[in-house]
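Trainee: So that we are looking at the same thing, I have put the structure below in structure tokens.
The values are calculated or read from the model by the stated rules, or taken from the named source; none is laboratory data. What you see is a predicted model; the values in this text were computed from it and never measured. Backbone-built Cβ (ideal geometry, glycine too); neighbour counts: all protein chains shown.
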Amino acid sequence: MANHSASQPAHVQHHFVDSDQQFDSAKLGMWVFLVNEILFFGGLFCAYIIFRVWYPDLFSQAALELNKVWGGINTIVLIGSSLTVAMAIRSAQRNEIKGLRINLMITILLACVFLVIKYFEYEHKLHLGIAPGSFWNPTPEVLAVLDHPKANIFFSIYYVMTGIHGLHVIVGIGLMIWLYIRAGKGHFNSEYYTPVEITGLYWHLVDLIWIFLFPLLYLIE
Amino acid sequence: MAEVETKKMTTLQVQRFIPSENPTNTYLTDEKGVWAWMTTVDHKKIGLMYLASVAFFFALAGFLALALRTELWTPAKTFIEADTYNQLFTLHGAMMVFFVLVPSIPAALGNFIMPMQLGAKDVAFPRLNLASFYIYVIGAIFTFISLYMNGFDTGWTFYTPYSSDANSAGVIWVTLGVFILGFSSILTGTNFITTIHKLRAPGITWGRLPLNVWALYATSIIQVLATPVLAITILLLSFENILDIGIFDPALGGDPVLYQHFFWFYSHPAVYIMIVPGFGIISEVISTFSKKTVFGYWAIALSSLAIAFIGFLVWGHHMFTSGQSAVATTVFSFLTFLVGIPTGIKILNWVATLYKGSIEMKTPMIYVFIFLFLFSIGGFTGIMLGALSVDIHLHDTYYVVAHFHYVMMGGTLIALLAGLHYWWPKMTGKMYNETLGKISAVLIFIGFNMTFLPQFVMGAQGMPRRYYNYIDQFQPFHQTSTIGSYILGVAFLIILYYLVKSLFGGEKAPSNPWNSRGLEWQSTSPPDFHNFDHTPVVINHPYDYHKPMEEFQLGIAVSHNGHGEHQDEAVSEETKKA
Amino acid sequence: MSTTAHKHEHHVASAFQLWLIGGALVVLTILTVVVSSLPIPAPLDIITALSIALVKAFLVAAFFMGLYWDVKFNSMLLIGALVFFILMVTVTLLDTMYRNDIVPSF
């Protein structure tokens, strides 16, 4: 009847034949979810492209308000975190649980650095009155440089895109803390590290989105 | 014909497993009690919970429709205020689209039947499946909360700037409800794609997938690609409402047509999410009740994918009069004509399936014929609307209303009824009253045409849609339409009656009342908790009615239900029967 | 086939490989910042920036996300998503780029 054969490890769910099928299915499912995320951010990139084609001067002017250096540092921070999460998966594959936890922790810390830098960027702008929507109230110094009538649109797009990206970073941090705790309880080993693998995929996507956000928002000349 | 695996060819020991006609333990008896249902990860129970929810919303939105039609009995006010009227048709549309049509066939019937058609024990991610259901429920709750706030009257399309200006709490709540609901759709699609790729029983190659599964596969692809764009659209709309972010509002520097682009980028593929699973059901039912293989298997399978793809490129045909560039309108019109072709191929192939078939006019089959008639009208009128010059005249008239009711109700809903009546014995283990089934099918046909045919004529003569008032020349049309809607209401009540009655003391259903060759029928009625008590092995094409039933009831001999060694090597042509 | 039980080994990347890719990504980031300050006429400046970004994205997807060693279908999913994104943008631009007025007035 429908009894679980003792030949399958405990982590294999009952509707899967074996561990490989379960792992492959989880990866496939996560990639399908990433497709979904790409289209989600894709809508935002689409809005960006449309408005940039309409108002190219606005975009050149407004980008001057964004700090390339901090944006570049954030990009390198995220790349670093992608590296460490890939190392974390590698540790799990080699049954090095301590290495897994260390790499996860570094990833989390780098992600937090990203958020801190973002926080200071936002704070600086809000100080200057560069705020989304109805809070748009730029100081005279800003207006001297940025006199385009549609300037609020660029920053609406900026805040929404980086804001939603930032939300995804926060979710990623939460997921990795959860992984860190589970790893500490011995849930993962070289036979079973699926949650680490698929969370890693999610995290790499967050990095990928930023790889495109950075030049499109910060590096317009 | 049957495909042969080229990579690893192993011989499997198989034996015949005849499903028991008197199952003692079924999925209904194995988990009992409200809590067991609410926490189940069994795809069959989740499918039934979706079915009940969809039926509930259909009844609610249906009553709204009856209220609307009653109001339209006379020009000017009959018994509803104008503002209320706007809220009612908005709610009717939003509920029908988001809470009934989009989830209905995939989440209710698809969840139940598809894993069984694949010979699997469940979908790939059962807990995610349950989460999808609860996300659906939460989305519904948000919508009800929005009604408690001052409601919303923007039309189900929430066009800006009206929807972003109003600063209305009602709009924010309902759009967030739809945002949440979108995730239910996305996760179901993710689940189905993974299941179809990874959980097929030995012998089920892509060339032997039931057409219902092909349809659900195409639908899931659309769900995963289109729904996120709806999600971002609604998020941006909410930001416009709450923060005055000016992407869609011209007063804030934005573009209202851009909203329409984003909205319809999802909502056009959404109508294919609604209809393509219906196509899958039609293939299943028509072959069973013609005792014949479906004509042009690959044409139908691949046309579902073609519809999915081309369906992403035609959204601008909802915006011909919105101020798009001439380039865009022309391109969209051309592509709209193109998307009719794969659908037409299906209709012709189904008709060809009937030719020289041994046709049995049971209730599901009657619904298939009704579908072929009503959906063809709907499809043709869609093509007519796709012609630019014609659409300038017909846009925003009752012609459009009639068109989409013919495809959505005459198409999706009729297909849902066909599938429901087809798989009811399998899901519940009971037979419904066949005579009442036939009577209500005929009533639906009469009522439906009476309701919506006059609307084509009205629309062509200029009666605008969403209008509360009208000039006297349209009154006979409106009144005919209203009477038709009452007939529809009666028919649905009869269906509800005999289906519910079958659950209490209905005739016990055999495992395969229709003598179908489908794999889902080679199980008990109702099925076992794990669907099959063996690992099924498939050696034939799904609709090979010329082959004996024994060949469709094979499973791995002395199976540990899928666990253990060598259970899943490729099946060669030489399977030894134990 | 679907239920392949053959134990296919999960590819374990070498630490050196990963650091190499990480290093390349950092270099490319610095490159894109430097290039952005050079006077390049439009639209070449956007093309350059996006090309560098695409190379970076390829490195992340192929080597960090493991697509290079993974089943081909997962790569097809990624490419498919990008195809639909491009379709969404280009077809919408068919409207927005060819309008007479940016915001239609009635």
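Trainee: Could you tell me which residue of segment B:221-253 is farthest from residue B:101 (Cα to Cα), considering only residues that are within 7 Å of another protein chain (Cβ to nearest Cβ) and among the small types (Gly, Ala, Ser)?
Mentor: Only one residue fits best here, namely B:253.
Trainee: Something else now. Residues to consider are B:60, B:109; find the one that is free of Cβ contacts under 8 Å to residues at least 60 places away in the same chain and either surrounded by fewer than 24 Cβ atoms within 10 Å (Cβ to Cβ) or out of contact with any Ser or Thr (no Cβ under 8 Å at 6 or more places or on another chain) (or both).
Mentor: B:60
Trainee: List every residue pair whose Cβ atoms lie under 8 Å apart, where the two residues are 6 or more positions apart in sequence or sit on different chains, the first residue falls within segment B:86-104 and is free of Cβ contacts under 8 Å to residues at least 60 places away in the same chain, and the second residue, located anywhere, is outside any helix (DSSP H, G or I) and among the β-branched types (Val, Ile, Thr).
Mentor: B:88/B:80
Trainee: Six or more apart or on different chains, Cβ atoms under 7 Å: show the pairs whose first residue is in segment B:337-357 and assigned to a loop (DSSP other than H, G, I, E, B) and whose second is of a type outside the set (D, E, K, R) and at pLDDT 95 or above.
Mentor: From residues that are assigned to a loop (DSSP other than H, G, I, E, B), the pairs are B:357/B:290.
Trainee: Condition test on residue B:258, is it in a helix (DSSP H, G or I), within 13 Å of chain A (Cβ to nearest Cβ) and at pLDDT 95 or above?
Mentor: Here the answer is no, as residue B:258 does not meet what is asked.
Trainee: Still on this structure: Go through the residues of segment C:56-68 one by one and say whether even a single one is within 28 Å of residue A:57 (Cα to Cα), surrounded by 15 or more Cβ atoms within 10 Å (Cβ to Cβ) and at pLDDT 95 or above.
Mentor: yes
Trainee: Residues being within 19 Å of the chain's Cα centre (by Cα) and within 7 Å of chain B (Cβ to nearest Cβ): count how many of those fall in segment C:82-104.
Mentor: Matching residues across segment C:82-104 total 3.
Trainee: Looking at residue B:391, is it crowded, with 18+ Cβ neighbours inside 10 Å, among the charged types (D, E, K, R) and touching a residue at least 40 places away in the same chain (Cβ under 8 Å)?
Mentor: yes
Trainee: What helices (runs of 4 or more DSSP H) lie completely within segment A:66-158 and have 2 or more residues being surrounded by 15 or more Cβ atoms within 10 Å (Cβ to Cβ)?
Mentor: Because the criterion is at least 2 residues that are surrounded by 15 or more Cβ atoms within 10 Å (Cβ to Cβ), the helices (runs of 4 or more DSSP H) in segment A:66-158 that meet it are A:68-93, A:97-127.
Trainee: Can you name the condition, by its number, that residue A:203 falls short on among (1) out of contact with any Gly (no Cβ under 9 Å at 6 or more places or on another chain); (2) surrounded by 23 or more Cβ atoms within 10 Å (Cβ to Cβ)?
Mentor: (1)
Trainee: Out of B:134, B:148, which single residue is without any contact (Cβ under 8 Å) to a residue 24 or more places away in the chain, among the aromatic types (Phe, Trp, Tyr) and closer than 30 Å to residue B:215 by Cβ?
Mentor: B:134
Trainee: Mind counting the residues in segment A:5-39 that are more than 7 Å from every other protein chain (Cβ to nearest Cβ), touching a Ser or Thr at 6+ places or on another chain (Cβ under 6 Å) and in a helix (DSSP H, G or I)?
Mentor: Number of matching residues: 2.
Trainee: Report, by residue number, each residue of segment B:204-220 that is surrounded by 24 or more Cβ atoms within 10 Å (Cβ to Cβ) and within 11 Å of chain C (Cβ to nearest Cβ).
Mentor: Matches in segment B:204-220: B:204 only.
Trainee: Where the second residue is outside any helix (DSSP H, G or I) and the first is without any contact (Cβ under 8 Å) to a residue 24 or more places away in the chain and lies in segment B:168-182, which pairs have Cβ atoms under 9 Å and are six or more apart or on separate chains?
Mentor: B:169/B:149; B:169/B:150
Trainee: Continuing with this model, one more query. For segment C:5-55, enumerate the residues that are assigned to a loop (DSSP other than H, G, I, E, B), closer than 30 Å to residue A:89 by Cα and within 9 Å of chain A (Cβ to nearest Cβ).
Mentor: C:5, C:6, C:7, C:8, C:10, C:11, C:12, C:13, C:14
Trainee: Scan segment A:29-37 and tell me whether some residue there is buried (at least 20 other Cβ atoms within 10 Å of the Cβ) and among the small types (Gly, Ala, Ser).
Mentor: Yes, some residue in segment A:29-37 is buried (at least 20 other Cβ atoms within 10 Å of the Cβ) and among the small types (Gly, Ala, Ser).
Trainee: Further question on the same structure: Any idea which residue in segment B:320-362 is farthest from the other protein chains (Cβ to nearest Cβ), counting only those that are under 20 Å from residue B:418 (Cβ atoms) and of a type in the set (Lys, Arg)?
Mentor: Taking the candidates together, the pick is B:362.
Trainee: Another question, then. Yes or no: residue B:279 over 19 Å from residue C:93 (Cα atoms), part of a helix (DSSP H, G or I) and of a type outside the set (Ser, Thr, Tyr)?
Mentor: Here the answer is yes, as residue B:279 does meet what is asked.
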